[in-house]
Every structure is written in structure tokens, then in C-alpha cells.
Amino acid sequence: MASLSVKPGQRFTLPDWQNNAHRISADAEHQRSTSHQIRQEARALRNDTGNQARWDEYDTRTRLKDRITSVDRWREVLAKCLTDIDLEIDALTKVKEAAEDALQAKNLCLDVAIECLTFRESRRDIDVVRDPVEEELHREVKVIEKTKKLLQQRVDEAFKQLCLLKEARQQLNCDHRHKVEALELDRQCLSFSVTSGNISFKVNPTRIPDGTTALREWELNSQCNKDRADAEMKASVELRGAIMLTIAQTDNELDAQRIATEFALRKRIRDMEGALSELRWQEKNTLEEIAEMEENIRQLEEDLRKRTLDLKVAHTRLETRTYRPHVELCRDQAQFGLTGEVQDLEAAIRALQQKRTESQNALDALYRQLHRIQTDIGYKTNSLQLDNKCMDTRRKLVIPMEKFDPEVDAVNRTRNLPRNSQLELA
């Protein structure tokens, strides 16, 4: 007989079942409608945000490219300006050096003129007259001092202008360097994409950094740097022209009459060159003898080392033979031979040591003599240089300063001067 094991639960009515089915169906319709609306809104939002993002990224890239073009254009302008100002600095430096050389040459002319006046003060009795030569010498001194003052003024102006040029160049270089760095950063920003490996979130990326400037201020800064550099270069060009004109004028003013003589100096130079030749020959031979003596000392020390080793062998043999037993410890011929060998070796070592001492003393004497020779060569070389400077001094009075270019012998440290110049009245 069949029976229910569990008592049936609450029973619902058919209308309840139908209402529940309708409610579930209505809720599903509502949820699908809501979901459809959300999907449509999400699609529209995705399209809007995607389009906006693409447009913003395109606009940003366009702005970056425009900025890169603008910065690069200014970089090229500044680079060209830097090249121009470097050329102008070099040109002004050369002109300044030319003015300094001309000023230095005037010092020599002044020294010669004053020296001539000093020499003429040694005249005696009736010869102490104020003749035209003395008047010309005094006039020459005044002209030289005037030209020196003018040249020194030009040199000072060139130095100040060089400082201004270098200051302007420093500002240009700093601006150019900053623009190169900015270009690298903007180009790096332009290369970023969603696939780049070094992109990440940053803390407060929209902040305005300290020291930020306005675009107009940025443009005015570069324009101001360029304008200042152009102005300084223009002033430098005008100054170069003025300096060259001053040098030419002063050279023309100092192109006056002078007397030159060199016969006594030539004879002294020839005697000094002969003495130097003899000393250099002695120096060469002494150096060769020093080399041979050093080799001799080395050979003596080598022989001394060998005889010392031989003596050690003989000593060892004698010492070893002292251990012969009983009657075997006899003074045989070998014993006599070893004893004689030791005595001969000790005598040879003493002789070698004495000869080494004598050789070392001789080497020291050679070095002292070499030092004396080289010192004397230095003295005579210095005297020869001084005499050659005197020759140069007299040559500069009869040869135009712009054509004077003494040739220097790098070996003898003397100047190669022509032997056939004549006394001239400038």
C-alpha cells in the first residue's frame, strides 16, 4: 500500500502561479529594455570618448609638431648667430692682437730713441749741442708716446668689446642649449603612444611648474638675445675698422728717418758662434766619454760580481774540505790551490773595487765638467741671443715693422739674420 513519506507543503492557487509567471516575464522585459538602453548609451559614450580622445591626441600631436617647428626654427637662428659671433670674436681677437703687437713694436722704437738720446748725453765739451738730430729724437719720442696712448686706448676698447661679445655669446649658447633640450623632450613626447613601455600615471600632472613663462616672454627672450648679439657684432665690426685704421695711421706716423749699424754686433756674434761651436764639440766628446765610462763601470761591476761568485765557490770548497775525517784532513795540493785561488780572487776584487772607485770618481769629474760646459754654453747662448736681439733691434729700425718676421733657429735658439744688410738712413 503506497503512502507519502513527507507531508506536502503550502499549496498555491492557479492565479498565483499565473501572476508569478506574468511578473517574471514583465521583469525580464523591463531588464532587457534597461540593458538595451544602457548598451546604446555605452556605445554612444564609447564613440564620443573615442572620437574625443583621437581628436585630442591629434590636436596634441599637431600642437607638438608646431611647437617643435617653432623651437627648431629659433634653434637654427641662434645656431647661425652663434657661428657669426664666434667668427666675429676670432676676428676681433686677431685685430686686438695686431694692435697689441703694434703697441709692443712701439715700445721697441721708444727704447731705441731713448737709448740714442742717452748715448748722446755722453758727448763732451763743444759737441754737447742741441742739433737737428736731437730735435728729431725728441719729436720721435713724443710721436711714439702719442701713438702708444692711442693704440692702448684701442686695445682697451677691443678688450671691453670682446667681453661684451663673449657675454652675448654665453646667453646665446645658453638659450640654444635650452632649446636643444626642449626639442629633445618634445620629440620624445611626440614619440609616445599607447604601446610605449615607459608611460605611467603621474602625480598632479596638470600642475603649473615654478618658473613657467608666457609664450610672448619666451619669444621676446630669444629675440632679445639675438638682437643684442647682432648689435654687439655690429659694434665689433666698426671697432675692428677703427683699430686697423689706427694701426695704419700710427705706422705711417712712425715711418721716419733712423740710423742703423751692426758691424760690431756681427763680429761679436761670429766670435760667440765660434766659441759655442767649440763648446758643443767639447760637450759631444764629453758625453761620448761619459757613455764609455758608464759602460766601463758597468763592465767592472759585472766582473766584480763574477769574481765575488768565484770567491764564494772557493770559500765553500775550503769550508767543505774541513769536514774530511781523521787523517784525510791533510794539506794536499788541492788545499794549497784553493787557498791560492782565494788570495788571488780577494786581490782581484780589491783591485776591481779600487778601479771602480777611480772610474766613478772620473765619471763624477766628467759630469762636473759637462755641467761646466753646458753652463758655459747656456751663458754664451744667452749672450748670443742678446746680441741677436740687438741685431733685431737695429733691423727693425730700417725694415718696415709689418714686413719684419725674424726666423728662429729651433736648435741653436738664435735668429737667422741677413749678413749683407747695409747701414741705411730711413
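Which of the residue pairs LYS96/LYS149; LYS179/LYS202; LYS106/LYS160; LYS94/LYS146 have a Cα-Cα distance greater than 20 Å in the structure shown? Don't jump to the answer; show the numbers that get you there.
Details: LYS96/LYS149 15 Å; LYS179/LYS202 25 Å; LYS106/LYS160 22 Å; LYS94/LYS146 23 Å.
Flagged as over cut-off: LYS179/LYS202; LYS106/LYS160; LYS94/LYS146.
In the complete set of protein chains, residue-level accessible area for TRP281 is approximately 140 Å², probe 1.4 angstrom. Accessible area of LYS202 (1.4 Å probe, protein heavy atoms only, ligands and nucleic acids ignored): about 130 Å².
Where does each of THR212, THR250, THR339 land when they are ordered by accessible area, with a 1.4 Å probe and the largest first?
Numbers: THR212 85, THR250 0, THR339 45 Å².
Greatest to least solvent exposure: THR212, THR339, THR250.
Could you pull out the pairs from LYS148/LYS226; LYS284/LYS306; LYS284/LYS355 whose alpha carbons sit more than 28 Å apart here? Over 28 Å Cα-Cα: LYS148/LYS226; LYS284/LYS306.
Estimated at the nearest 10 Å², the accessible area of VAL313 is 70 Å² with a 1.4 Å probe.
The values are calculated or read from the model by the stated rules, or taken from the named source; none is laboratory data. Since the structure is predicted, the reported quantities are computational estimates derived from the model, not experimental observations. Quick note on the areas: whole protein, heavy atoms, side chains included, nothing else; ligands and nucleic acids left out. Shrake-Rupley method; radii C 1.70, N 1.55, O 1.52, S 1.80 Å.
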